[in-house]
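Below: the structure, in structure tokens.
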Amino acid sequence: LDEGEASSSSSSSSSKKTTRRPRWADLSDPALEALATRLTDLPLSFDGKDTNKDEFVTAGGVRLPDLDLRTMRSTICPGLHFCGELIDVDGVTGGFNFQNCWTSGFIAGAAAADFA
């Protein structure tokens, strides 16, 4: 239960039923394997290497106002964290994008571990 929520043991019809938010740790091994398969079973074909002349940071993704930047947690869907290319940042290439990915990834990962 979220902090501040209390489960009611009363069986009265006027009491609210509270539901516990599912957690990764509560999933069975087969459910985790099925989830991992669904998330990673996407065939992508590559036909060569780029010359590294066309790379740039692309705007778009999760809007910064929709994130708590201290944790990279969604303000819309608690427990969901974003980082790197998934967030709407735009900047000059040459290290900015790497730094954004490393920093936001560290923050999101640490916060997600604390959340779990």
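So here's what we get for this one:
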| quantity | calculated |
| --- | --- |
| For segment 71-116: rounded, prolate or oblate by the Cα gyration tensor [a/c cutoff 1.5] | oblate |
| Hz values of 3J(HN,Hα) by residue in segment 83-89 - Karplus curve (6.51, -1.76, 1.60), Gly and Pro given as x | 7, x, 5, 7, 9, 7, 10 |
| Estimated FRET transfer efficiency (Asp47, Asp68; beta-carbon r; R0 25 Å; 0.05) | 0.05 |
| Pairwise label distance in nanometres, Trp102 with Thr37, each label 7 Å out on the Cα-Cβ vector | 3.8 |
| Exposure rank, largest accessible area first [Ile87, Ile107; 1.4 Å] | Ile107, Ile87 |
| Cut-off under 5 Å, modelled amide H: who pairs with Leu80 long-range | Ser74 |
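The values are calculated or read from the model by the stated rules, or taken from the named source; none is laboratory data. In this text the structure is predicted, and so the values were computed from the model without any measurement. FYI the Cβ positions are ideal-geometry reconstructions off the backbone, even for glycines, and counts take in every protein chain you see. Heads up: the accessible areas ignore ligands, DNA and RNA and are worked out on the full protein's heavy atoms, side chains in. Shrake-Rupley method; radii C 1.70, N 1.55, O 1.52, S 1.80 Å.
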